[in-house]
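Only one structure is covered here, and it is reproduced in the block below.
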Amino acid sequence: MSLKLKELNVGTSLPELKRRVTQEHINLYADASGDHNPIHIDPEFAKNTPLGGTVAHGMLILAYISEFMTENFRQDWLTSGNLSARFKGAAYPEDTVTVSGKIASIETQGDYAIINCEVICQNQKNEPVIICSTKVRVKTDEDSS
Amino acid sequence: MNQQKIDFSEISTGYEFEPSEIRLNSEAVTAYLNAVEGDKSIYEQDKVIPPMAISALAMAALAGRLTMPPGAIHVSQDLQFLSRVSIDETLTSHARVNRKMERGKFNMLTIGVRVVNKKQTTVLTGETSFILPFS
């Protein structure tokens, strides 16, 4: 789905995105990104580290945030998206993470609206995995498409 | 990637890494979207590359240029998507050490990344920060 600009106000919550983190997806991400750090893909190695097991790449979880923004803002996000993320915790295989967010502010700049959102990705225990501020530019005279 | 790596201890603020070439074909984009469970229709419709796929490869290129001590933690990531990139476009990633500082028992390292297309138009910029233990 995508949101229409007229539906957006400060405080508006954006539709959530949920993902179950699996070792299979972590392995697929390792192959797709070329990041084969054993902390992500080698359970034997990872169990002897302070993390106690393999964890998802931070950039994989950040990709969920980008997918969340893409679902909500479509092409506007792909061509003008801006994010500032802080990694707060690890996501483990079999965790379910939820990305949620709301509109923090809307600024008008000429024919465009700059929509600032506060976005958080949490695990099933409501522990933060990533906290993120995002910004997207949307034309004011037409709906986000 | 066949390239020279530099150790973290040898770099300082202002150091510029050798540029890296990035190219994503449709198979690579599909592999990426399968990994992140992304909505393929958005990208297939216009044959564009998910910008996070570009940033993932820029990070991988950086990892291929830099050796960091065990225990390095990726603490933050800033990204700006500036332009659409089509499948099979050839991109070049430039990376520079924006800050390297000592903080107690740790080092903090911030690296700026800029990805350009063949026309030298910047399509993506970012800044990535790590905390690294003294080794």
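The values are calculated or read from the model by the stated rules, or taken from the named source; none is laboratory data. For clarity, every value in this text was computed on a predicted model and none was experimentally measured. Here the Cβ is made from the backbone with ideal geometry for all residues, glycine too, and neighbour counts use every protein chain on show.
Scanning the stretch A:66-74 for any residue that is of a type in the set (D, E, K, R) and without any contact (Cβ under 8 Å) to a residue 12 or more places away in the chain turns up nothing.
Set side by side, the residues A:GLY81, A:GLY101 differ, and just one is under 25 Å from B:ARG114 (Cα atoms), within 16 Å of the chain's Cα centre (by Cα) and surrounded by 16 or more Cβ atoms within 10 Å (Cβ to Cβ), which is A:GLY81. Restricting to the stretch B:50-69, name every residue that is within 9 Å of another protein chain (Cβ to nearest Cβ), touching a residue at least 24 places away in the same chain (Cβ under 8 Å) and not in a helix (DSSP H, G or I). Passing the criteria: only B:GLY64. Which one of these is of a type in the set (Phe, Trp, Tyr) and more than 18 Å from the chain's Cα centre (by Cα): A:PHE45, A:PHE87, A:PHE73? Result: A:PHE45 is the single residue among A:PHE45, A:PHE87, A:PHE73 that is of a type in the set (Phe, Trp, Tyr) and more than 18 Å from the chain's Cα centre (by Cα).
For (1) at positive phi; (2) touching a helix residue (DSSP H, G or I) at 6+ places or on another chain (Cβ under 9 Å); (3) within 10 Å of chain A (Cβ to nearest Cβ), each residue gets a yes or a no:
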site: B:GLY71; (1), (2), (3): yes, no, yes
site: B:HIS74; (1), (2), (3): no, yes, yes
site: B:GLN77; (1), (2), (3): no, yes, yes
site: B:GLN80; (1), (2), (3): no, yes, yes
site: B:VAL85; (1), (2), (3): no, yes, yes
site: B:GLU89; (1), (2), (3): no, no, no
site: B:ALA95; (1), (2), (3): no, yes, no
site: B:GLY104; (1), (2), (3): yes, no, no
site: B:LEU109; (1), (2), (3): no, yes, no
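If A:ARG19 passes every condition in (1) within 12 Å of chain B (Cβ to nearest Cβ); (2) assigned to a loop (DSSP other than H, G, I, E, B); (3) modelled with pLDDT of 95 or more but one, which one does it miss? Of everything listed in (1) within 12 Å of chain B (Cβ to nearest Cβ); (2) assigned to a loop (DSSP other than H, G, I, E, B); (3) modelled with pLDDT of 95 or more, A:ARG19 misses just condition (2).
Taking B:TYR32 as the residue in question, decide whether it is out of contact with any His (no Cβ under 7 Å at 6 or more places or on another chain), farther than 27 Å from B:LYS105 by Cα, among the aromatic types (Phe, Trp, Tyr) and at the interface with another protein chain (Cβ under 7 Å from one of its Cβ atoms). Steps first, answer last, please.
On the way: out of contact with any His (no Cβ under 7 Å at 6 or more places or on another chain): yes; farther than 27 Å from B:LYS105 by Cα: yes; among the aromatic types (Phe, Trp, Tyr): yes; at the interface with another protein chain (Cβ under 7 Å from one of its Cβ atoms): yes.
Considered against the rule, which asks whether it is out of contact with any His (no Cβ under 7 Å at 6 or more places or on another chain), farther than 27 Å from B:LYS105 by Cα, among the aromatic types (Phe, Trp, Tyr) and at the interface with another protein chain (Cβ under 7 Å from one of its Cβ atoms), B:TYR32 comes out as yes.
Take the conditions (1) over 14 Å from the mean Cα position of the chain (by Cα); (2) modelled with pLDDT under 95; (3) surrounded by 21 or more Cβ atoms within 10 Å (Cβ to Cβ); A:SER145 misses just one of them, which is (3).
Being in a loop (DSSP other than H, G, I, E, B), over 20 Å from A:ILE131 (Cβ atoms) and either within 11 Å of chain B (Cβ to nearest Cβ) or in contact (Cβ under 8 Å) with a residue 12 or more places away in the chain (or both) is the filter here; which residues of the stretch A:78-114 pass it? Explain how you work it out, then say what you get.
Of all residues in the stretch A:78-114, those in a loop (DSSP other than H, G, I, E, B) come to A:81, A:88-95, A:110-111.
Those left that are additionally over 20 Å from A:ILE131 (Cβ atoms): A:93-94, A:110-111.
Across the stretch A:78-114, the qualifying residues are A:PRO93, A:GLU94, A:ASP111.
For the stretch B:35-45, the count of residues that are of a type outside the set (D, E, K, R), over 14 Å from the mean Cα position of the chain (by Cα), on the phi > 0 side of the Ramachandran plot and at the interface with chain A (Cβ under 9 Å from one of its Cβ atoms) is zero. Checking A:PHE73, A:PHE68 one by one, the residue that is part of a helix (DSSP H, G or I) and modelled with pLDDT of 95 or more is A:PHE68 and no other. Scanning the stretch B:94-125 for residues that are among the basic types (Lys, Arg) and not in a strand (DSSP E or B) yields B:LYS105, B:LYS118, B:LYS119. You will find that of B:LEU79, B:LEU62, B:LEU24, the residue that is closer than 26 Å to A:ALA91 by Cα and buried (at least 21 other Cβ atoms within 10 Å of the Cβ) is B:LEU79 and no other. Has the stretch B:19-26 got at least one residue that is in contact with a strand residue (DSSP E or B) (Cβ under 8 Å, 6 or more places away or on another chain), on the phi > 0 side of the Ramachandran plot, at pLDDT 85 or above and in a loop (DSSP other than H, G, I, E, B)? Scanning the stretch B:19-26, I find no residue that is in contact with a strand residue (DSSP E or B) (Cβ under 8 Å, 6 or more places away or on another chain), on the phi > 0 side of the Ramachandran plot, at pLDDT 85 or above and in a loop (DSSP other than H, G, I, E, B), so the answer is no.
Which one is farthest from B:SER83 (Cα to Cα), of the residues in the stretch A:31-56 that are buried (at least 18 other Cβ atoms within 10 Å of the Cβ) and within 8 Å of chain B (Cβ to nearest Cβ)? It comes out as A:ASP35.
Just to be sure, is B:ALA95 at pLDDT 90 or above, buried (at least 18 other Cβ atoms within 10 Å of the Cβ), in contact with a strand residue (DSSP E or B) (Cβ under 6 Å, 6 or more places away or on another chain) and of a type in the set (Gly, Ala, Ser)? In short, yes.
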